[in-house]
Amino acid sequence: MEHYITGNTKLTGLLGSPVAHSISPMMHNMGFSLLGLDYIYLCFDVGTDNLKTAVEGLKVMGVKGFNCTMPDKNLMFELADEVSPAAKIIGAVNTVLNEDGKLKAYNTDGMGYMRAVKDAGHNIIGKNMTLLGAGGAATAVCTQAALDGVASINVFSIKDQFYTRAENLVERINQNTNCKASLYDLADKATLKESIDNSAILTNATSVGMAPNTDNCLIDDEDVFRKDLIVSDVIYNPRETLLLKKAKEKGCSTFNGLYMLLYQGAEAFKIWTGKEMPVKEIKEKYFS
């Protein structure tokens, strides 16, 4: 599987800080090679202080597109010429397409999650979701689920300085989609239990349970884990969080955030190339 750089090679990449740990270059470059596409994907350590300058430079150089990760997602939303419906609700972008100097921006994180749901063998369209968290990952998941047709989403968040941001998200979802979104205090255990009882899927979109703090879990009452409940976690390190372990022991169907990572990249790949990323081969290489 050879991959040559030519005079016509189209540049894509990742902007953020830090980025050296990213698996995205391996995913995308393998996909380009397998499909024989004259593209290359590189990482650039660029924070918000230099993002505007970097983006202007990329436009001048005629790059095909790029991803953004933290801390650049919100500022890139401001710098884009055009944003997708999901990105507009979220207020942040992770994928940019350069069309003759016009920057079209998208947020594929939620798309990656919804595709991961389908990959796990589930259909949650028209059903109810309980979502833990209101940060960046939760916002993306909530927005795309609403746009795709999930009937209702109950968001549970701690009442911190970001609670107002969560209130604004719920308001935007209710104004721009047919989904009924509601926000509750995560400390309200009775309402949380009632919500899970009436949901098809419970999703943790917080960092609780992520390595190295793997002994943490937001769900104390294991009686909520009925056998027909789907339980998912956006965390993929560890592959099985304490939440997923508890749910699995009670007979729930579970999946982690690994394929959300894969499929958000696959959506970006398609935006830039017009081709489907060869996810089967990339799964076997990097996600097995």
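Only one residue in L192, L229 is within 18 Å of E240 (Cβ to Cβ), aliphatic (A, V, I, L, M) and modelled with pLDDT of 95 or more, so which one is that?
After ruling out the rest, the residue left standing is L229.
Taking the options K180, K250, name whichever one is out of contact with any Leu (no Cβ under 7 Å at 6 or more places or on another chain), under 21 Å from A140 (Cβ atoms), open to solvent by 40 Å² or more (accessible area, probe 1.4 Å) and among the basic types (K, R).
K180
Determine whether D81 is charged (D, E, K, R) and in contact (Cβ under 8 Å) with a residue 40 or more places away in the chain.
Spelling it out, it is not the case that D81 is charged (D, E, K, R) and in contact (Cβ under 8 Å) with a residue 40 or more places away in the chain.
Is at least one residue of region 214-223 surrounded by 20 or more Cβ atoms within 10 Å (Cβ to Cβ) and charged (D, E, K, R)?
Within region 214-223, none of the residues are surrounded by 20 or more Cβ atoms within 10 Å (Cβ to Cβ) and charged (D, E, K, R).
When you go through (1) more than 27 Å from V279 (Cα to Cα); (2) charged (D, E, K, R); (3) under 19 Å from the mean Cα position of the chain (by Cα) one by one for R115, which number turns out not to apply?
The single condition R115 does not satisfy is (1).
Can you give me the number of residues within region 181-207 that are over 25 Å from G251 (Cβ atoms) and of a type in the set (S, T, N, Q)?
Qualifying residue count for the region: 2.
Of the residues A181, A211, which single one is at pLDDT below 95, outside any helix (DSSP H, G or I) and of a type in the set (G, A, S)?
Within the list A181, A211, the selection yields A211.
Within region 45-86, can you find the residues that are closer than 20 Å to I5 by Cα and either touching a Ser or Thr at 6+ places or on another chain (Cβ under 9 Å) or crowded, with 19+ Cβ neighbours inside 10 Å (or both)?
Selection gives L58, V63, K64, G65, F66.
May I ask you to list the residues in region 49-67 that are in a helix (DSSP H, G or I) and not small (G, A, S)?
D49, N50, L51, K52, T53, V55, E56, L58, K59, V60, M61
Return the only residue of H21, H28 being in contact (Cβ under 8 Å) with a residue 60 or more places away in the chain and either open to solvent by less than 20 Å² (accessible area, probe 1.4 Å) or part of a loop (DSSP other than H, G, I, E, B) (or both).
Residue meeting the stated conditions: H28.
Being more than 26 Å from F287 (Cα to Cα) and either in contact with a His (Cβ under 8 Å, 6 or more places away or on another chain) or open to solvent by less than 20 Å² (accessible area, probe 1.4 Å) (or both) is the filter here; which residues of region 224-247 pass it?
The answer is V224, F225.
Given the criteria under 21 Å from Y106 (Cα atoms) and in contact with an Asp or Glu (Cβ under 7 Å, 6 or more places away or on another chain), does G31 qualify?
Considered against the rule, which asks whether it is under 21 Å from Y106 (Cα atoms) and in contact with an Asp or Glu (Cβ under 7 Å, 6 or more places away or on another chain), G31 comes out as no.
Does T164 satisfy being more than 21 Å from I124 (Cα to Cα), of a type in the set (V, I, T) and in a loop (DSSP other than H, G, I, E, B)?
no
The values are calculated or read from the model by the stated rules, or taken from the named source; none is laboratory data. A quick note: this is a predicted structure, and the numbers were derived from the prediction, not measured. All Cβ positions, glycine included, derive from the backbone under ideal geometry; neighbour counts span all protein chains shown. The accessibility values were calculated without ligands, DNA or RNA, using every heavy atom of the protein model including side chains. Shrake-Rupley method; radii C 1.70, N 1.55, O 1.52, S 1.80 Å.
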